[in-house]
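To start, the structure itself, in structure tokens.
Nothing in this text is a laboratory measurement; each read-out follows from the coordinates by a stated rule. Here the structure is a predicted model, which means the values were calculated and not measured. Virtual Cβ from ideal backbone geometry, glycine too; neighbours counted across all protein chains shown.
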Amino acid sequence: MMTGDAPLIQVLQIAILLFVAAMALGVVLTRDPTSQAIAVSFHGVLLGVMFFLFQSPDVALSQIAVGAVALPLMILLALARIRKDEAKQEKREASTEERAP
Amino acid sequence: MQAVLDHLPYYVAVWIFACGLYGVATSKNLVHLVICLAVLQSSTYVLLLAIGHRKGAIAPFFADRVVGTPATDPVVQALMLTDVVVEATVMALLLALAVQAHKSKGTLDPEKLRSLRG
Amino acid sequence: MSDGVRRALLLVGLLGFAALFVWGVGGLPPAGEYKGPYGTMLNVSAGAERHVTDVVTAVNFDYRGADTMGEEFILFTSVLGAAVLLKHEEKKKESGEKEGTGDDESGEGPPDSEAMRAAALGLVGLIVTFGLYVVLHGQLTPGGGFQGGVLLATVPLMVYLAGDPKRFLRIAPEALVETAEAVGAATYVLIGAWALVKGGVFLQNVLPLGPSEAKVTSGGTIPAINFATGVEVAGGFVLLLTLFLQQMLDRAREKR
């Protein structure tokens with residue numbers, strides 16, 4: 001498939017494809033959302049490198065800006081918001097328990 | 001061996017698709033589901049990349065190269081480009097939905113959120 | 001159905017799909033032998049036809065401009081949906097529980113750190129310049145509205161990380177950001193409609209093409225649409241950031 005490129009580029013292309021495949025499995029198997037945000041950020045950087053090695057610098061630029069920065073940021077912000085909601089609910093339950101008996 | 005190498009990007013694309021779909025279907029947490037959806041979408045990038053790749057070609061930018069040297073397919077790259085940015089905002093919408101679901105039901109488990117009661 | 005049964009069914013389905021896919025893909029030419037005439041033709045003729053050197057941006061905003069318009073409106077709608085979801089909640093909370101002090105000095109922002117502040121403030125100027133460069137040179141070098149817009153949207157984030165949520169909300173006030181985003185999206189459609197006025201088809205390149213050696217002003221409608229898209233994408237991402245961050249700040253203010 002990649003005869004015609006320099007041999008080093010061929011090897012790098014195969015290697016990055018295998019890394020991306022392994023990282024995808026790693027992201028799915030990480031169950032805790034907080035650590036998964038970091039995993040998906042690294043997956044985004046690997047995808048950016050893959051785009052770069054396959055001669056698409058435009059796509060690599062937007063993938064790194066979005067997939068490694070903006071997407072994990074929004075995931076972490078949503079998680080922080082959910083955690084604060086949980087703390088508030090627990091506080092509300094604790095105060096109703098005090099008043100009940 | 002050469003046959004596998006010939007079609008390696010396609011195999012990697014279907015592997016990532018299968019991983020992402022497995023994660024979506026067996027997820028116990030809405031945020032985990034959204035992230036697996038993002039992984040699912042990255043499989044389409046690998047597929048598009050494989051379609052537009054040309055061996056030994058340069059990137060389709062001719063600021064410093066002579067017009068006419070073989071370059072990779074620009075249409076496929078244009079598709080991927082807009083898709084990457086739009087994916088992030090769709091994920092943000094889904095995360096907002098997850099935050100709202102947690103606020104009204106108190107749980108992030110898709111099993112418990114199944115009924116549309118109340 | 002139980003968890004184990006569902007998992008087994010899923011694996012069976014996935015294996016079947018993968019087998020079919022692998023069998024089907026075997027008939028394709030090896031990855032790397034690209035035969036499609038459209039791409040080759042575009043690479044050869046886009047430079048002369050539109051006076052640009054970045055064929056991908058020309059494809060995005062000129063040859064396939066209607067597709068990009070659709071994608072941009074997907075972005076606009078998603079941001080709109082997220083805003084409706086998160087703002088509605090804010091209004092409910094405000095009408096229900098009123099707190100004493102309205103204006104806090106600093107909500108629960110990131111912890112104070114001199115190193116973080118120095119790094120963030122040092123980077124702000126650099127990122128603004130680089131983001132504008134990427135947007136404006138979209139038709140010459142790798143870049144364009146989408147990438148530059150996302151880069152520009154990280155600037156208010158740097159300000160927030162430098163430790164001051166109040167200042168972040170002041171340099172990116174919500175009304176301004178929403179207006180900018182809407183104006184960016186509308187400009188795209190208006191430029192396309194202007195082509196109709198001039199007698200061509202929707203989104204035809206009817207502005208003067210500029211110097212034949214590709215410069216920042218060449219390309220006709222391409223730089224204009226590029227800039228509008230950059231404004232829209234930056235506005236969209238900053239709005240998303242503001243929404244999510246404000247959730248955290250309001251919650252923290254209320255907990256006190």
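Computed FRET efficiency, Cβ-Cβ of C:Thr217 and B:Leu5, R0 56 Å: what is it to the nearest 0.05? Taking R0 as 56 Å, the efficiency between C:Thr217 and B:Leu5 is 0.75.
Each Lys and Arg contributes +1 and each Asp and Glu -1, all at the Cβ; summed about the Cα centre of the protein assembly as shown, the dipole is approximately 780 debye. Among the residues of C:151-163, the average count of other protein chain beta-carbon atoms within 10 Å of the residue beta-carbon is 1. Counted as membrane-span-like here are DSSP H helices of chain C whose alpha-carbon atoms extend 18 Å or more along the helix's own axis and whose Kyte-Doolittle mean is 1.6 or above; these are C:114-136.
With unit charges on the beta carbons (Lys and Arg positive, Asp and Glu negative) and the dipole taken about the Cα centre of the range C:1-89, which residue among C:Gly16, C:Phe73, C:Val44 sits farthest to the positive side? Towards the positive end, the residue furthest out is C:Gly16.
The angle between the Cα long axis of helix B:8-25 and the main principal axis of chain B comes to about 10°, on a 0 to 90 degree scale. Among the listed pairs C:Lys35/C:Lys215; A:Lys88/B:Lys112; C:Lys35/C:Lys198; B:Lys55/C:Lys215; A:Lys84/C:Lys166, those with a Cα-Cα distance over 28 Å are C:Lys35/C:Lys215; C:Lys35/C:Lys198; B:Lys55/C:Lys215.
Considering chain B at the alpha-carbon level, its Rg and Dmax are found to be 19.7, 65 Å. Averaging the Cα positions of each part gives two centres, and for the range B:49-118 and the range C:137-164 these lie 18 Å apart.
Taken about its Cα centre, the range A:44-97 carries a charge dipole of roughly 140 debye when the Cβ of each Lys and Arg holds +1 and the Cβ of each Asp and Glu holds -1.
Simple spin-label estimate for C:Val197 and B:Lys28 gives 6.1 nm between the two label positions (7 Å along the Cα-to-Cβ direction from each Cα).
Taking the fewest neighbouring Cβ atoms within 10 Å as the starting point, the ordered list for C:Phe237, A:Phe51 is A:Phe51, C:Phe237. Here the range A:7-99 is treated with +1 on each Lys and Arg Cβ and -1 on each Asp and Glu Cβ, and its dipole about the Cα centre works out to around 120 debye. Protection proxy ranking of C:36-46, B:33-43, C:50-60, by the mean of other Cβ atoms within 10 Å over each peptide's residues and highest first, is C:50-60, B:33-43, C:36-46.
Using every pair of separate Cα atoms, the Kirkwood estimate puts the hydrodynamic radius of the protein assembly as shown at 24.0 angstrom.
Relative to the present Cα-Cα distance, how much length would full extension add between C:Leu28 and C:Met116 at 0.36 nm per residue of separation?
Separation in residues times 0.36 nm, less the Cα-Cα distance, equals 26.5 nm.
Per-residue mean of other chain beta-carbon atoms within 10 angstrom of the beta-carbon, peptide A:33-44?
If you average over the peptide's residues, the count of other-chain Cβ atoms is 3.
Counting only alpha carbon atoms, the long axis of helix B:30-52 and the longest principal axis of chain B meet at about 20°. The helix-based estimate of mean residue ellipticity at 222 nm for chain B, built from -39,500 (n - 2.57) per DSSP H run of four or more residues and divided by its residue count, is -22500 deg cm²/dmol to the nearest 500.
For the peptide C:4-14, the mean number of other protein chain Cβ atoms found within 10 angstrom of a residue's Cβ is 2. With the helix formula -39500 (n - 2.57) applied to DSSP H stretches of n ≥ 4, chain C reaches a computed 222 nm mean residue ellipticity of -24000 deg cm²/dmol.
Could you give the length gained by full extension between C:Arg167 and C:Val5, i.e. 0.36 nm per residue of separation minus their alpha carbon distance, to one decimal place?
Full extension from C:Arg167 to C:Val5 adds 53.0 nm.
Relative to the longest principal axis of the Cα atoms of chain A, the long axis of helix A:71-99 makes an angle of roughly 10 degrees.
Peptides B:48-55, B:1-8 ranked from most to least packed give B:48-55, B:1-8, packing being the mean of other C-beta atoms within 10 angstrom over each peptide's residues.
With the charge dipole of the range C:139-249 set up from +1 on Lys and Arg Cβ and -1 on Asp and Glu Cβ about the Cα centre, the Cα lying farthest toward the positive end among the listed residues C:Ala193, C:Asn226, C:Pro211 is that of C:Pro211. Each peptide in C:139-151, C:156-168 was scored by the mean count of other Cβ atoms within 10 Å over its residues; highest first, the order is C:139-151, C:156-168.
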